[in-house]
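J.: Okay, handing you the structure first.
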Amino acid sequence: MKLSIEIFPPKNGDTREIATSFLRAGASHISVTYGAGGSDQLLSKQESLSLAILGVPVTAHITVAGQTRQEVDEILSVWHRAGIRRFVALRGDGDGPGQPFTPHPDGYPSSIELIERIAQMGALQISVAAYPNGHPDSRSPDADLDFLKRKEDAGATEAITQFFFSADTYLRFRDRCAAAGIGLDIIPGIMPVFDFGKVASFARKCGEPIPSWVADRFDGLEEKPEMHYQVAAATAASLCERLASESVSRVHLYSCNRVDLTLAIARLITAGLERFGKLDA
Ligand code: FAD
């Protein structure tokens, strides 16, 4: 199974070291998130650039939220000059927690115009976000799919999903995309439960349900980090194994910069997975 691994630029860490360890573990690309604003955004711009200059295969995330067109175009052209040709093109979120997205008066109005702009630059890959359980801003599941189709028509080349915990959620979504005439590869986004409390809070914000069996697995493990870690690795790997048995050939791991956990999962899903479940292997 192929994998891309997402990191966020650490404030006090060595991005290069993290990226290198993920590449050694089999990641084809390191995708670098774009900060929601201020110093986080600056750090993202710099880290994607520095990794590219060092020769790391980078996929740079970019959002339009809170920025003028000129600001977005400037960073895109700096990255382009540094050889970055793979992007995750996003709208981003509103200013504060729970705030609705409002386009900057001089900015790109939505992800669609950003995708068109990146496509004009001759990008090799334009990934966009997809939401198997629907995005909280969508009027309906069908409207959400219509919008994903618009992203494809604007130039997106693949979609990476929001995280989910049940393979059936992904498989149903993939079927719905195909039925809606969406030809993009739908890459499952896998979030290891590195800390149940944090992941549950993140899931609530994104409107993602956490199945009770996932909560049960981590119940009582708050003070048992080693067991929590092992259960997290096994849970993410078994989800990937089920997806592999349904012809999924690539996943996107949201590492949240948890290096050891991500490396363990990467090993579980890249080594020997093609033989998984075959009695004679
Ligand atoms: P869009 O898809 O453009 O819009 C969100 C939803 O709103 C759509 O799915 C659609 O249902 C509805 N909608 C929007 N506009 C319209 C319209 N004109 N007509 C009808 N419906 C509409 N955030 C960051 O800040 N930095 C990151 O690096 C980052 N990386 C991410 C990577 C992935 C793989 C994912 C899944 C998310 C990431 N996010 C990131 C979070 C993302 O910014 C949020 O989920 C945000 O709320 C939506 O961004 P989007 O590009 O999916 O929005």
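J.: Restricting attention to the alpha-carbon atoms of segment 140-229, what are Rg (one decimal) and Dmax (integer), both in Å?
T.: 15.9, 48
J.: Just the Kirkwood number for segment 1-119, please: inverse of mean 1/r across all distinct Cα pairs, in Å, one decimal.
T.: 14.7
J.: If you don't mind, another one. Sort the following peptides by mean Cβ neighbour count (other Cβ atoms within 10 Å, averaged over residues), highest first: 72-83, 142-153.
T.: The densest-packed peptide leads the list: 142-153, 72-83.
J.: Compute the distribution of all C-alpha to C-alpha distances in the chain, in bins of 10 Å from 0, and list the percent of pairs in each, rounded to whole numbers.
T.: 6, 28, 37, 23, 5, 0, 0
J.: What ranking do 16-22, 186-192 get when scored by the average of other Cβ atoms within 10 Å per residue, highest first?
T.: Ranking, from highest mean packing down: 186-192, 16-22.
J.: Restricting to Cα atoms and excluding each atom paired with itself, what does the Kirkwood estimate give for segment 178-281 in Å?
T.: 15.1
J.: Moving on. Of K45/K151; K45/K224; K11/K149; K149/K198, which ones are farther than 30 Å apart at the Cα?
T.: Over 30 Å apart, Cα to Cα: K45/K224; K11/K149; K149/K198.
J.: From the helices alone, meaning DSSP H stretches of at least four residues, give me the mean residue ellipticity at 222 nm for the chain, per-run term -39500 (n - 2.57), in deg cm²/dmol to the nearest 500.
T.: That calculation yields -14000 deg cm²/dmol at 222 nm.
J.: Please determine, in degrees from 0 to 90 and to the nearest 10, the orientation of helix 259-270 with respect to the longest principal axis defined by the Cα atoms of the chain, where the helix direction is its Cα long axis.
T.: Approximately 70 degrees, to the nearest 10.
Computed from the coordinates by the stated procedures, all read-outs in this text should not be read as laboratory data. Everything numeric here is computed off the predicted structure, so don't read it as measured data. Glycine gets a Cβ as well: all are built from the backbone with ideal geometry, and neighbour counts include every protein chain shown.
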